[in-house]
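Structure first, commentary second.
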């Protein structure tokens, strides 16, 4: 995969926002459905890759391993994130994130960015293990003051909590993917949904969104997104394993 330099979670957020704006402003409710379908497909593929790593290490796709095998991490100071409860449900509480901030800064939240918040976490959990119940009770992207999300019926024991901490420590960054990978995956998935759904006009609209992204992050970054269209993002990339 061709490397895209200096991309971050904020880049990922901006890419989604400008694509969603271009598609929704052009196609209205059909555009909303296309972006929704794209987010769900993208999220399920991420969850499936997480599951493949989990199984490769000899573990079950449990709620706790879902937490351990997350594919991304934010830069220091980008997130205000906590897990205040693990029993009976694992609760994720988020008061700050780069997606919300970049969409607010660019007037992309209320009409466009909210679709990502509405579907992404549920889709990732489903891709990881369809039997996991993941509920979004509150979301800043949907107008709430915090994001409050629950993975139901985890019922984490004290020993399981120790095992999780040990696994997270042992994994370190082994299961993480860089933001160039996530940006390329997002772009390819939305491109596929839009071009299949709207044909040549969809292709033109995606090209315009890419030009908007390029104006901020540079032609090298936008060209690399196009070069990575052949990557199979539904497959687990090379992975050295927990003990590697």
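Bear in mind these aren't lab numbers, they're just calculated from the coordinates by the rules spelled out. Here the structure is a predicted model, which means the values were calculated and not measured.
log₁₀ I(q)/I(0) of the stretch 61-109 at q = 0.19, 0.24 Å⁻¹, via Debye over equal Cα point scatterers, no solvent, to two decimals?
Computed log10 I(q)/I(0) values: -0.78, -0.99.
Nearest 10 degrees is fine. How inclined is helix 114-128 to the longest principal axis of the chain, computing both from alpha carbons?
The angle comes out near 50 degrees.
Relative to the first principal axis of the alpha-carbon coordinates of the chain, what is the inclination of helix 29-56, with its axis defined by its Cα atoms, in degrees from 0 to 90 and to the nearest 10?
Helix 29-56 sits roughly 40 degrees off the main axis of the chain.
Given Cα pairs under 8 Å that are at least 6 residues apart, what percent is the relative contact order of the chain?
32
Mean residue ellipticity at 222 nm from the helices of the chain, using -39,500 (n - 2.57) per DSSP H segment of n ≥ 4 over the full residue count, to the nearest 500 deg cm²/dmol?
After summing the helix terms and dividing by residue count, I get -19000 deg cm²/dmol.
With the cut-off at 22 Å, report for the stretch 1-76 the share of all Cα pairs above it, as a whole percent.
On the way: 1253 of 2850 pairs.
In whole percent, the long-distance tail amounts to 44.
For helix 158-171, report the angle its Cα long axis makes with the longest principal axis of the Cα atoms of the chain; keep it between 0 and 90° and round to the nearest 10°.
The answer is roughly 50 degrees.
Using Cα-only point scatterers and the Debye equation, what is log10 of I(q)/I(0) for the chain at each q in 0.14 Å⁻¹, rounded to two decimals?
Reported log10 I(q)/I(0), two decimals: -0.94.
If you look at just the Cα atoms of the stretch 1-127, how large are its Rg and its Dmax in Å?
Both quantities, over Cα of the stretch 1-127: 15.9, 47 Å.
More than 18 angstrom separation, counting every C-alpha pair in the stretch 82-193; what % is that?
Roughly 63 percent, once rounded to a whole number.
Return P(r) of the stretch 122-178 (all Cα-Cα pairs; 10 Å bins starting at 0; whole %; ordered from short to long distances).
It works out to 19, 31, 44, 6, in whole percents.
State the three equivalent ellipsoid semi-axes of the stretch 135-244, derived from the C-alpha gyration tensor as the square roots of 5 times its eigenvalues, in descending order and whole Å.
35, 22, 14
Taking Cα pairs under 8 Å and at least six residues apart, what relative contact order does the stretch 87-212 come out at, in percent? Walk me through the numbers on the way to the answer.
Working: 109 pairs, mean separation 31.2, N = 126.
About 25 percent, as a whole number.
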